[in-house]
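See below for the structure under consideration.
The values are calculated or read from the model by the stated rules, or taken from the named source; none is laboratory data. On a predicted model such as this, the values are computed, not experimentally measured, just so you know. Glycine also receives a Cβ, built like all others from the backbone with ideal geometry; neighbour counts cover every protein chain displayed. Only protein heavy atoms, including side chains, enter the accessible area calculation; ligands, DNA and RNA are left aside. Shrake-Rupley method; radii C 1.70, N 1.55, O 1.52, S 1.80 Å.
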Amino acid sequence: MSQAERTALAAPRTPGRALWTLGLLRSELTVMFRRWRTLALLGVLAAVPVLIGIAVRIETGDGSRGGPGDGGGPAFLSQVTNNGLFLVFAALSATLPVFLPMAVGVIAGDSVAGEASGGTLRYLLVAPAGRTRLLLTKYASVLVFCLAATLVVAASALAVGALLFPVGEVTTISGTRIGFGEGMLRALCVAVAVAASLIGFAALGLFVSTLTNSGIAAMAATVGVLITAQILDTMPQLDAIHPYLFPHYWLSFTDLLREPVYWDELVRNLGLQALYAAVFGSAAWARLTTKDIGV
Amino acid sequence: MTDTAAATTGPETEPGPGAVIETRGLTKRYRGGQTAVDGLDLTVPSGSVFGFLGPNGSGKTTTIRMLMGLIAPTTGTAHVLGSPMPAAARTVLPQVGTLIEGPAPYGFLTGRDNLARFDSADPTSDPRTRRARVAGALDRVGLSAAAGKKAKAYSLGMKQRLGLAAALLQPRRLLVLDEPTNGLDPQGMREIRALVRELAAEGTTVFLSSHLLDEIEQVCTHAAVMARGRLLVQGPVAALAAGARGRLTVTTPDPAAAAGVLTAHGATGLVTEGDRVSADAPPGEVELADLNAALVRGGVRVRAFGVERASLEDAFVALTGEGFDVAG
Ligand SMILES: Nc1ncnc2c1ncn2[C@@H]1O[C@H](COP(=O)(O)OP(=O)(O)OP(=O)(O)O)[C@@H](O)[C@H]1O
Ligand SMILES: [Mg+2]
């Protein structure tokens, strides 16, 4: 018997429930952020603001001012040349409808189904991770990814914006001016609001993930649901159901740039996300805790 | 006589506190109507090395999945370490090391990181001793040199060893190993057998399924045989092998005379092939030396005389039939 085993046998098994849960979560986060797939998704997200920044820079020539309101594209694009900080808002507006939720859909869809298809789910469960604890850990790690993805977009946009454009005082949507420090704080709030917008969709992806034993199928289905919801949200005939579609209030984060901040839609967005999290979180729990782990 | 009775019934067929695994009427019917396990009454005595045998598709893995709480039984109950499964999974499973239907490591993690991950999934494991326990488990299965290699670069046998290491991360009261020597080289198989004996000597009950009958015969004290989801027999290995009777073989230049003497002494199932005469081994009370003396007295020149004990394989085939096809 080696030295190591003797230590193991001698060591008492100390229960400490808060630490247990954190242990699995820490492992989950380490594994998630060490995967090439996660890093590639974050890399793509970081590249979006770079592309937008360069495009705007080329379009407007050598820093010459583009007039306000010219051209289409994401909101705030016209202000980027005046203030690099606006690249944060422009990049988040550009990535929120598609890129961000798609990345979240990949991570959430694969979270349980990927473990099932790899066979690791059965070893986690006999460890025993506990089905409820595993589900909570998975959801927490997907939410951490939502925040990380949003912050990556914001940080990349801030760096590119500061590099290519002047920065300084921010003109709010209401027309008032706020200092650069205050502007940075607003940008951080916007990033958090964008991340929070993904809470409901993350729960939906987690639920889909408990339905199948194929990671790819779960990812595809989750992204499919995203696209469907986005299309439904643009059809005026379906006005009645729009307030219940998870992407409906996604662009409410722009209200954080008003002076004073306009909270109505922001709160409604959070409520809707909480509703989705409750409904699909419960469904995922009901499914995973009764599922036969046959692979 | 009372001694023999005690030896044949024994504690292994008696449900009681000595049982580490105990199932009553355990049944699993998969969606689609397939009955994979049918009314299983299994009793694994504490401290035994229990071989779980059966042809492909006979329901071994399904039984193990139910014991570990991965799938719910259709009907029936299962107790592991005295507690009902899957209800008591939280308290039971930390004391059980498991290998189910082959290893499944994360390919993108190293062997060491794989073990750390599975260990952190166990709420009762102490994170402070994790490194030492992981190193100890890797050492025990001979993987220390490859510990830093990504698991996707492992060979089948190395993955199997890694799976075994995960089962050995903690001191366990019970090890459930589904075909543990699958994919291992001969040295690996020997090491696993030695490991199983060592663990059993430390007091761990080992429940292992395998198709390698001589392996079971070498390491197991008890065995059960499944076929088509039903339990055919369970008990001490020696009793099972004894159930299939051995053959008495006499090698002699006078086969006809030998056959005559054996028949006169009540031997059955006589077969004569050249200079070899064989018969079913006589019942225990017949003294073989007397039989040999009778042959010599009858003028039979005996070159060789002996009983070939039935192997577990003979017993297994006698129970499950010769057919090669998997039951549907
Ligand atoms: N997930 C499943 N869904 C439906 N039927 C299944 C499932 N898993 C196993 N079966 C069926 O249950 C029966 C028993 O399978 P099981 O895997 O328990 O056999 P086994 O004894 O472990 O076989 P082997 O020796 O090949 O490992 C088989 O007939 C199989 O087809
Ligand atoms: Mg099997």
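In terms of modelled amide H atoms, which long-range or inter-chain residues lie less than 5 Å from the amide H of B:ALA223?
Under 5 Å from the amide H of B:ALA223 lie the amide H atoms of B:GLY51, B:GLY235, B:VAL237, each far enough along the sequence or on another chain.
Using just the helices of the protein assembly as shown, give the 222 nm mean residue ellipticity in deg cm²/dmol: DSSP H runs with n ≥ 4 each add -39,500 (n - 2.57), and the total is spread over all residues, rounded to 500.
Working: 23 runs with 311 residues, N = 623.
Theoretical 222 nm ellipticity from helices: -16000 deg cm²/dmol.
Mind checking the mean number of beta-carbon atoms from other chains within 10 Å of the Cβ atoms in B:110-121?
Numbers: counts 0, 0, 0, 4, 3, 0, 3, 9, 7, 3, 13, 17.
Mean partner shielding for this stretch: 5.
Give the Rg (one decimal place) followed by the Dmax (whole number) of chain B, computed from C-alpha coordinates and expressed in Å.
23.8, 78
Counting Lys +1, Arg +1, Asp -1, Glu -1, what net charge surrounds B:ALA256 among other residues with beta carbon under 14 Å of its beta carbon? Walk me through the numbers on the way to the answer.
On the way: positive: B:ARG276, B:ARG301; negative: B:ASP254, B:GLU273, B:ASP275.
Net charge in that neighbourhood comes out at -1.
What percentage of all Cα-Cα pairs in the stretch A:21-290 are separated by more than 27 Å?
Tail of P(r) above 27 Å: 42 percent of Cα pairs.
Roughly how many whole Å is it from the C-alpha centroid of the stretch B:246-272 to that of the stretch A:160-222?
Centre-to-centre distance over Cα atoms comes out at 90 Å.
So, with a 1.4 angstrom probe, what is the percent of accessible area on the protein assembly as shown that is carbon and sulfur?
On the way: 16990 of 27820 Å².
Ligands and nucleic acids excluded, carbon and sulfur give 61 percent.
Give me the percent relative contact order of the stretch B:21-74, please, defined on Cα pairs under 8 angstrom at least 6 residues apart. The partial results should precede the final answer.
Working: 64 pairs, mean separation 19.3, N = 54.
In percent, rounded to a whole number, it is 36.
Once you've got the Cα coordinates, tell me which of A:LYS138/B:LYS152; B:LYS28/B:LYS149; B:LYS60/B:LYS152; A:LYS138/B:LYS150 are over 31 Å apart. Present the calculation step by step, with values, prior to reporting the outcome.
Working: A:LYS138/B:LYS152 23 Å; B:LYS28/B:LYS149 39 Å; B:LYS60/B:LYS152 28 Å; A:LYS138/B:LYS150 23 Å.
As for pairs spanning more than 31 Å Cα to Cα, those are B:LYS28/B:LYS149.
Of A:GLY224, A:TRP36, A:PHE246, which is farthest along the charge dipole of the stretch A:21-290 in the positive direction, counting Lys and Arg as +1 and Asp and Glu as -1 at C-beta?
In the stretch A:21-290, that residue is A:TRP36.
Please give the net charge around B:GLN160, taking every other residue with its beta carbon less than 12 angstrom from that of B:GLN160, where Lys and Arg add +1 and Asp and Glu add -1.
On the way: positive: B:LYS159, B:ARG161; negative: B:GLU101, B:ASP178, B:GLU179, B:ASP185, B:GLU191.
Neighbourhood net charge equals -3.
Could you tell me the total accessible area buried at the B-A interface, probe 1.4 Å, in square angstrom to the nearest hundred? The partial results should precede the final answer.
Details: alone 16460 and 14800 Å², together 27820 Å².
Buried: approximately 3400 Å² between A and B.
With heavy atoms of protein chains only and a 1.4 Å probe, what residues of the stretch A:246-295 have at least 40 Å² less accessible area in the full set of chains than alone?
Residues shielded by partner chains are A:ASP292, A:ILE293.
Accessible area drop of at least 50 Å² (1.4 Å probe, protein heavy atoms): which residues of the stretch B:40-73 qualify, relative to the chain alone?
The answer is B:ARG65, B:LEU70 - residues whose exposure falls by at least 50 Å² when every protein chain is included.
Given the peptides A:195-208, B:287-300, A:229-242, B:84-97, arrange them by the average over their residues of other C-beta atoms within 10 Å, most packed first.
Details: A:195-208: 26.6, B:287-300: 13.9, A:229-242: 11.5, B:84-97: 19.0.
For the peptides A:195-208, B:287-300, A:229-242, B:84-97, the packing ranking is A:195-208, B:84-97, B:287-300, A:229-242.
Run the numbers on chain B and let me know its relative contact order in percent, using alpha-carbon pairs under 8 Å that are six or more apart.
So the answer I get is 19 percent.
Counting only DSSP beta bridges with both residues in the protein assembly as shown, what percent are antiparallel, rounded to the nearest 5?
Values: 36 of 53 bridges.
Taking every DSSP beta bridge with both residues in the protein assembly as shown, the antiparallel ones total about 70 percent.
How large is the accessible surface per residue of the stretch A:21-290, computed with a 1.4 Å probe and reported in Å² as a whole number?
Values: 11370 Å² over 270 residues.
Per-residue accessible area for the stretch A:21-290 comes out at 42 Å².
Would you mind counting up the charge near A:ARG131? Only other residues with Cβ under 14 Å from its Cβ, with Lys and Arg at +1 and Asp and Glu at -1. Provide the component values of the computation, followed by the final result.
On the way: positive: A:ARG122, A:ARG133, A:LYS138, A:ARG287, A:LYS291, B:ARG90; negative: A:GLU115, A:ASP292.
Overall, the nearby charge balance is +4.
Hey, can you find the accessible area per residue of chain B for me, probe 1.4 Å, expressed in square angstrom?
On the way: 14780 Å² over 328 residues.
Averaged over the residues of chain B, the accessible area is 45 Å².
Using unit Cβ charges (K, R positive; D, E negative) and no other charged atoms, how large, in debye to the nearest 20, is the dipole of chain B about its Cα centre? Before the final figure, lay out the partial values.
Working: 33 positive and 33 negative charges, 334 e Å.
So the dipole magnitude of chain B works out to roughly 1600 debye.
Would you be so kind as to identify which of A:TYR262, A:PHE180, A:PHE99 lies farthest towards the positive end of the dipole of the stretch A:21-290, taking Lys and Arg as +1 and Asp and Glu as -1 on Cβ and the Cα centre as origin?
So the residue we want is A:PHE99.
Rounding to the nearest 20 debye, state how big the charge dipole of the stretch A:155-295 is about its Cα centre with +1 on each Lys and Arg Cβ and -1 on each Asp and Glu Cβ.
Working: 6 positive and 9 negative charges, 63 e Å.
With Lys and Arg at +1 and Asp and Glu at -1, about 300 debye.
Give me the inter-chain shielding for B:88-100: mean count of other chain Cβ atoms within 10 Å, whole number please. Display every interim value, and only then the final one.
Working: counts 0, 5, 3, 1, 1, 6, 4, 1, 2, 1, 6, 2, 5.
Going residue by residue through B:88-100 and averaging, the value is 3.
Have a look at A:ALA203, A:ASN83, A:THR290 and report the one farthest towards the positive end of the charge dipole of the stretch A:21-290, computed about the Cα centre with Cβ charges (Lys/Arg +1, Asp/Glu -1).
The residue sitting farthest along the positive end of the dipole is A:THR290.
Which value, in debye to the nearest 20, gives the size of the charge dipole of the stretch A:21-290 about its Cα centre, when Lys and Arg are +1 and Asp and Glu are -1 at the Cβ? Walk me through the numbers on the way to the answer.
On the way: 15 positive and 14 negative charges, 204 e Å.
Taking the Cα centre of the stretch A:21-290 as origin, the dipole is about 980 debye.
Express in whole angstrom the spacing between the alpha-carbon centres of the stretch B:57-129 and the stretch A:114-130.
Computed from Cα coordinates, the inter-centre distance equals 8 Å.
For the pair B:ALA294 and B:SER155, how long in nm is the line joining their label points, each one 7 Å along Cα→Cβ?
Distance between label points: 5.5 nm.
In peptide A:28-41, what is the residue-averaged number of other protein chain Cβ atoms found within 10 Å of each Cβ? Could the numbers behind the result be given before it?
Values: counts 3, 0, 5, 8, 0, 0, 4, 3, 1, 1, 0, 0, 0, 0.
Going residue by residue through A:28-41 and averaging, the value is 2.
Which peptide among A:157-170, B:44-57 comes first, and what is the full order, when sorted by highest mean count of other Cβ atoms within 10 Å?
Numbers: A:157-170: 19.0, B:44-57: 22.1.
Listed from highest to lowest mean packing, they are B:44-57, A:157-170.
Please state the relative contact order of the stretch A:21-290 as a whole percent: Cα pairs under 8 Å, 6+ residues apart? Don't skip to the answer; put the middle values down first.
Working: 386 pairs, mean separation 65.4, N = 270.
Reported relative contact order: 24 percent.
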